[in-house]
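I have placed the structure first, in the form of structure tokens, so that the comments after it can refer back to it.
The values are calculated or read from the model by the stated rules, or taken from the named source; none is laboratory data. Since this is a predicted model, take the numbers as computed values, not measurements. When we count neighbours, we look across all protein chains shown, and the Cβ atoms used for this are built from the backbone with ideal geometry, even at glycine. Ligands, DNA and RNA are stripped out before the accessible areas are found, and what is left, the full protein with its side chains, is counted by its heavy atoms. Shrake-Rupley method; radii C 1.70, N 1.55, O 1.52, S 1.80 Å.
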Amino acid sequence: MLTEPELDLIAALQVAPRASVAVLAEALDVSASTVGRRLLRLEDQRILRVIGQVEWTARARGNPRHVWVTTEPGASGSAAKALARFPEVQLAAETAGRSDVYLAVHVPDRAQARELLADRIPGVAGVAGTHSELVLRALTRADSWRLHRLSQDQHAILAGEQVVPAAPDGFDTDKASPDERRLIGLLAGNGRITAAEAGRILGLSQSTAYRLIQSTLRRGIVRPRVEVEPAQLGYELEAIIALTVTPGAIQDVARELARHPSARYVSIVAGTASIIHQGVFRNEDEMADFLTRDLAPLPGITALQVSVVLRMLRRYWLYREDGRFAPDSLP
């Protein structure tokens, strides 16, 4: 478990991932050197990274898919490790409940989806069966999930450091300049990269790099976000919940779920389910309250299936190991 000051720092970074150390220090009422030391410790211990969440249209043609995998007895661990190595796999976890392994995949081209879903995933040793759902629309993603620890005054200090993106404008990677594509890659790996650093890598002036970074952020092509395993923050249970909802209620239910404090990712899908809610909970009681109390008043829910995460192997293309980033996932 992290210390209270470290949790405060993470909460501040969630609000303003690119805030300078000086602004973070002002918001947290500590010295800039203290903030710098805490941030460096969290990074050195492979607990925290600020990355860039890339808009789907800048990464691939078509939307992601949720995939549930059943395995032969005793094969879930080896199958999960093999599946996590697929370049299209954004998230891979061993689970209990609906499936033995859960994947979130994003295929570069729709034409490649059939090969991945029908041939490559079922062809992994130990895989007994698969089921997938196509994401139609995401109501909330991990960049919006927050630790609610900061006061209004602290939020006000950080507000000036926030970049409020517009609705994604249908960015077409084929029409982007080489510098834009390279910058997206830089921001994806380091959401706090400075204009000076980016300019040096890209061979651009600092002012040009700054304008390119601001354009990319304001257009919503990349959204900086804090990556920390939820268990490090006290959320010891994570679950992927597939809900079947009557058609007329899907949008309303999805919006309500997106506002729930547990929601890291909520999407409307096409398949046997209607909505997928990926949520984090502090303990079993909190998850029980969600399933029996918070879902109860929502109209139109006819069924749900739950997959509880046992072990996270990969999240947003970064490998995980015992609640930390795996050494080989770091630059």
Would segment 301-322 turn up any residue that is out of contact with any Gly (no Cβ under 8 Å at 6 or more places or on another chain), in a loop (DSSP other than H, G, I, E, B) and open to solvent by 60 Å² or more (accessible area, probe 1.4 Å)? yes
Going by what's in this entry, would Gly170 be described as in contact with a helix residue (DSSP H, G or I) (Cβ under 7 Å, 6 or more places away or on another chain), on the phi > 0 side of the Ramachandran plot and at pLDDT below 95? yes
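Here's the yes/no breakdown for (1) out of contact with any Asp or Glu (no Cβ under 7 Å at 6 or more places or on another chain); (2) of a type outside the set (Val, Ile, Thr):
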| site | (1), (2) |
| --- | --- |
| Glu229 | yes, yes |
| Val253 | yes, no |
| Thr272 | yes, no |
| Asn283 | no, yes |
| Pro297 | yes, yes |
| Leu304 | yes, yes |
| Met312 | no, yes |
| Asp328 | yes, yes |
Considering only residues that are of a type outside the set (A, V, I, L, M, F, W, C), open to solvent by less than 60 Å² (accessible area, probe 1.4 Å) and either within 12 Å of Leu9 (Cα to Cα) or touching a residue at least 60 places away in the same chain (Cβ under 8 Å) (or both), which ones fall in segment 20-45? Ser20, Thr34, Gly36
Hey, among Ala258, Ala263, Ala249, Ala288, which residue is modelled with pLDDT of 95 or more, out of contact with any strand residue (DSSP E or B) (no Cβ under 6 Å at 6 or more places or on another chain), closer than 30 Å to Arg324 by Cα and among the small types (Gly, Ala, Ser)? Ala288
If I go through segment 1-13 residue by residue, how many of them are assigned to a helix (DSSP H, G or I) and open to solvent by 20 Å² or more (accessible area, probe 1.4 Å)? 3
All but one of (1) farther than 18 Å from Leu237 by Cα; (2) open to solvent by 70 Å² or more (accessible area, probe 1.4 Å) hold for Thr292, so report the exception by its number. (1)
Answer yes if at least one residue in segment 94-102 is open to solvent by 30 Å² or more (accessible area, probe 1.4 Å), at pLDDT below 95 and not charged (D, E, K, R), and no otherwise. yes
Filter result for Gly74 (farther than 28 Å from Leu243 by Cβ, open to solvent by less than 40 Å² (accessible area, probe 1.4 Å) and over 18 Å from the mean Cα position of the chain (by Cα)): no
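Does Leu291 fit the bill of being assigned to a strand (DSSP E or B) and either over 26 Å from Trp56 (Cα atoms) or charged (D, E, K, R) (or both)?
On the way: assigned to a strand (DSSP E or B): no; either over 26 Å from Trp56 (Cα atoms) or charged (D, E, K, R) (or both): yes.
No: the conditions fail for Leu291.
Based on this model, can you work out whether Leu9 counts as hydrophobic (A, V, I, L, M, F, W, C), modelled with pLDDT of 95 or more and closer than 23 Å to Tyr235 by Cα? Don't jump to the end; show me each part of the working.
On the way: hydrophobic (A, V, I, L, M, F, W, C): yes; modelled with pLDDT of 95 or more: yes; closer than 23 Å to Tyr235 by Cα: yes.
It is true that Leu9 is hydrophobic (A, V, I, L, M, F, W, C), modelled with pLDDT of 95 or more and closer than 23 Å to Tyr235 by Cα.
Let's see how each residue does on (1) out of contact with any Lys or Arg (no Cβ under 8 Å at 6 or more places or on another chain); (2) not in a helix (DSSP H, G or I); (3) not hydrophobic (A, V, I, L, M, F, W, C):
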| residue | (1), (2), (3) |
| --- | --- |
| Phe86 | no, yes, no |
| Ser99 | yes, yes, yes |
| Arg114 | yes, no, yes |
| Ala118 | yes, no, no |
| Gly123 | yes, yes, yes |
| Gly129 | yes, yes, yes |
| Leu147 | yes, yes, no |
For segment 214-228, check the following and say yes or no: at least one residue is of a type in the set (A, V, I, L, M) and in a helix (DSSP H, G or I). yes
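Filtering segment 236-274 down to residues that are in a loop (DSSP other than H, G, I, E, B) and among the β-branched types (Val, Ile, Thr), which residue is most open to solvent (accessible area, probe 1.4 Å)? Can you show your working first?
So the first thing to find is which residues in segment 236-274 are in a loop (DSSP other than H, G, I, E, B), and the list is 236, 246, 260-262, 271-274.
Now restrict to residues that are among the β-branched types (Val, Ile, Thr): 246, 272.
Numbers: Thr246: 59, Thr272: 91 Å².
Checking each candidate, the answer is Thr272.
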Consider Arg200 carefully, then state whether it is among the charged types (D, E, K, R), open to solvent by 60 Å² or more (accessible area, probe 1.4 Å) and not in a loop (DSSP other than H, G, I, E, B). yes
When segment 74-104 is checked residue by residue, the ones that are over 11 Å from Arg314 (Cα atoms) and among the hydrophobic types (A, V, I, L, M, F, W, C) are Ala75, Ala79, Ala82, Ala96, Val101
